[in-house]
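Below: one structure, written as structure tokens.
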Amino acid sequence: MFFSIDEDTFLCQVREFIPASVATSREKVSPFIDAAERKYILPILGRELYDDLHLLSTDSDAWSGSGEDRDKSTELLRLIRISEINLAYYLGFDVLNTRISDIGFQRADSESFKGLYKYQEQNLKNYFRDTGYNGIDDILQYLEDYIAYFPEWEDSANYTSRKSAIIKDSKAFNAICNINGSRLIFLALQPFIQQVMDIDIRSALGETIYGTLLSQLAGDEPDTAYTALAAQIQKPLAFLSAALLVKNTGKLTEKGLYFESQSANNPDNISMTPGGEASSNYAYYRSTGEQYLETLRKYLRDNFEDYPGITGSVYSRDNDDKKTFFT
């Protein structure tokens, strides 16, 4: 765990990111910190980098780095703690609000403090969730920005897959298609991003260009023609994958596309109705994606000399000393 085992130090570390009361108990929160580490932090760091940072957090004197290496690792550790503690409170939100005893489950309450209204609870839980998940993107971006200081991560599968991704993270996706900067929505989009890549993008590029693109992006120094092509792919990929996410589900959430309404008489009463394939939002995402897909095809036709093996266009064939018939 990246937080101290000392109760007082633990509280200071938590209060750096969350205004927790002095009554906060390490014993009560630590199971959820462990869960957040196992579920989210360890997979993105990889075991080798995880162990290295864990040593820094628990025994700074025994850690071998110094100078700028120590500064960069310390900042990474801070970003990890921000994400981890928020995810811990998100994962444990309901249990931490509950008293568990041999007579059952009870809601904690007192004469001095009353429980939150339902909408306040939901807002707070959403804050922990969004801050924690979006913090993962901050960790990944920091690792990529300072990759020279983290050779263990450079050798990991996570880094390799991130390098070859057309849209690397929620911030890049959000710059094209608004998802409120949510990594949670971005994660929900992943199967649809892959589907669009496998079907629409592969069909537009052809097998040769598609395969070359992926191998180029996975390399250390991809050809500029293919980085430019990747940039052209981002817009159709974003909008078409968003259309797939919302197809059967107006507010874009990690569960799909929903219309949200709130009772005028009771702010706790919030209902969500599936938007449906026929909604104007779905039509917008789909038509915009298809328009960008046509722009991608035009880009390929206009720049066919940069992409050997391009197929499917009469304009890209070698027509010297040959006759062409159109029917």
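Checking each residue in the stretch 193-210 for being open to solvent by less than 40 Å² (accessible area, probe 1.4 Å) and either in contact with a strand residue (DSSP E or B) (Cβ under 8 Å, 6 or more places away or on another chain) or outside any loop (DSSP other than H, G, I, E, B) (or both) picks out 193, 196, 197, 200, 201, 204, 205, 209, 210.
Taking the stretch 217-234, which residues are assigned to a helix (DSSP H, G or I) and at pLDDT 95 or above? 224, 225, 226, 227, 228, 229, 230, 231, 232, 233, 234 - these are the residues of the stretch 217-234 that are assigned to a helix (DSSP H, G or I) and at pLDDT 95 or above.
Counting the residues of the stretch 61-74 that are within 24 Å of residue 136 (Cβ to Cβ) and open to solvent by 60 Å² or more (accessible area, probe 1.4 Å) gives 4.
It is to be established whether one or more residues within the stretch 150-168 are touching a strand residue (DSSP E or B) at 6+ places or on another chain (Cβ under 9 Å), buried (at least 18 other Cβ atoms within 10 Å of the Cβ) and outside any helix (DSSP H, G or I). Checking the stretch 150-168: not a single residue is touching a strand residue (DSSP E or B) at 6+ places or on another chain (Cβ under 9 Å), buried (at least 18 other Cβ atoms within 10 Å of the Cβ) and outside any helix (DSSP H, G or I).
Of 237, 184, all but one fail to be open to solvent by less than 40 Å² (accessible area, probe 1.4 Å), closer than 23 Å to residue 37 by Cα and assigned to a helix (DSSP H, G or I); the exception is 184. For the condition open to solvent by less than 20 Å² (accessible area, probe 1.4 Å) and closer than 21 Å to residue 124 by Cβ, residue 36 qualifies.
Looking at the structure I just gave you, is residue 24 open to solvent by less than 70 Å² (accessible area, probe 1.4 Å), assigned to a helix (DSSP H, G or I), farther than 20 Å from residue 158 by Cα and among the polar types (S, T, N, Q)?
No; evaluated as a whole, the condition is false for this residue.
Within the bounds of the stretch 292-313, is there any residue that is part of a loop (DSSP other than H, G, I, E, B), modelled with pLDDT under 55, in contact with a Phe, Trp or Tyr (Cβ under 9 Å, 6 or more places away or on another chain) and within 30 Å of residue 224 (Cβ to Cβ)? First the steps, then the outcome.
If we filter the stretch 292-313 for residues that are part of a loop (DSSP other than H, G, I, E, B), which is where we start, we get 303, 307-313.
With modelled with pLDDT under 55 added as a condition, the list becomes 312-313.
This time we only want the ones that are in contact with a Phe, Trp or Tyr (Cβ under 9 Å, 6 or more places away or on another chain), so: 313.
Adding the requirement that they be within 30 Å of residue 224 (Cβ to Cβ) leaves 313.
The answer is yes; a qualifying residue exists.
The values are calculated or read from the model by the stated rules, or taken from the named source; none is laboratory data. Note that the coordinates shown come from a computational prediction; the quantities given were computed from them, not determined experimentally. Virtual Cβ from ideal backbone geometry, glycine too; neighbours counted across all protein chains shown. Keep in mind that these areas ignore ligands, DNA and RNA; they rest on the heavy atoms of the full protein, side chains included. Shrake-Rupley method; radii C 1.70, N 1.55, O 1.52, S 1.80 Å.
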